[in-house]
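Structure, as structure tokens:
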Amino acid sequence: MRYPQLLIYEGDGRVAAQLRSLAEEQRWSLREPRQLAPCLALLERGGPNVLLIKMGRDLERELTLLERVRWLRPETATVVVGDTDHPGLAALAWDLGASCVLLPRSIATGELAEIVLGLMGLNG
């Protein structure tokens, strides 16, 4: 059996810190790839996966990752979060196949954990 994994693609580690206890409780592997290729490689192993992408540092790379994951690993649930309200970016993330878009990420940590938990359950 493959352990579920939660991948968090962000630059500062803040979202990962918020979800670390959930991953530990659920016995998920929590990974923080910082580049496209390692992130895609981690998804190759299969199993239930949720990828959380924090938008804002490099939109081109972040959107490319979202697009590639949808194309190469359509079974992976994807959550897009960001700190700014940008309706155009939110619409683009939905169009590229995101499972959930939170722009701005104005929900509490507990609510984000519930969303990830739900998506992992659907994915597993």
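The values are calculated or read from the model by the stated rules, or taken from the named source; none is laboratory data. Keep in mind the model is a prediction, meaning the values are calculated, not measured. Note that we place each Cβ from the backbone using ideal geometry, even for glycine, and neighbour counts take in every protein chain shown.
Screening residue 78 against (1) assigned to a helix (DSSP H, G or I); (2) under 13 Å from the mean Cα position of the chain (by Cα) leaves a single unmet condition, (1).
Outside any loop (DSSP other than H, G, I, E, B) and not aliphatic (A, V, I, L, M), is that true of residue 56? So residue 56 fails the test.
Given the criterion under 22 Å from residue 2 (Cβ atoms), outside any loop (DSSP other than H, G, I, E, B), at pLDDT below 85 and not aliphatic (A, V, I, L, M), identify the matching residue among 110, 121. Lay out the reasoning, then the answer.
Working: 110 fails: under 22 Å from residue 2 (Cβ atoms).
Every option except 121 fails the conditions.
Residues that are surrounded by 11 or more Cβ atoms within 10 Å (Cβ to Cβ) and part of a helix (DSSP H, G or I) occur at least once in the stretch 3-15.
The set of residues in the stretch 39-53 being within 27 Å of residue 84 (Cα to Cα) and assigned to a helix (DSSP H, G or I) consists of 39, 40. Apart from one condition, residue 103 fits all of (1) loosely packed, with under 15 Cβ neighbours inside 10 Å; (2) at pLDDT below 95; the exception is (1).
Restricting the stretch 55-98 to residues that are under 15 Å from residue 15 (Cβ atoms) and of a type in the set (D, E, K, R) leaves a set whose member that is modelled with the highest pLDDT is 62.
Of all residues in the stretch 28-46, those being of a type outside the set (A, V, I, L, M) and either out of contact with any strand residue (DSSP E or B) (no Cβ under 9 Å at 6 or more places or on another chain) or without any contact (Cβ under 8 Å) to a residue 24 or more places away in the chain (or both) number 4.
If you go through the stretch 84-107 and keep only what is closer than 13 Å to residue 53 by Cβ and in a loop (DSSP other than H, G, I, E, B), you end up with 96, 97, 98, 99, 103, 105.
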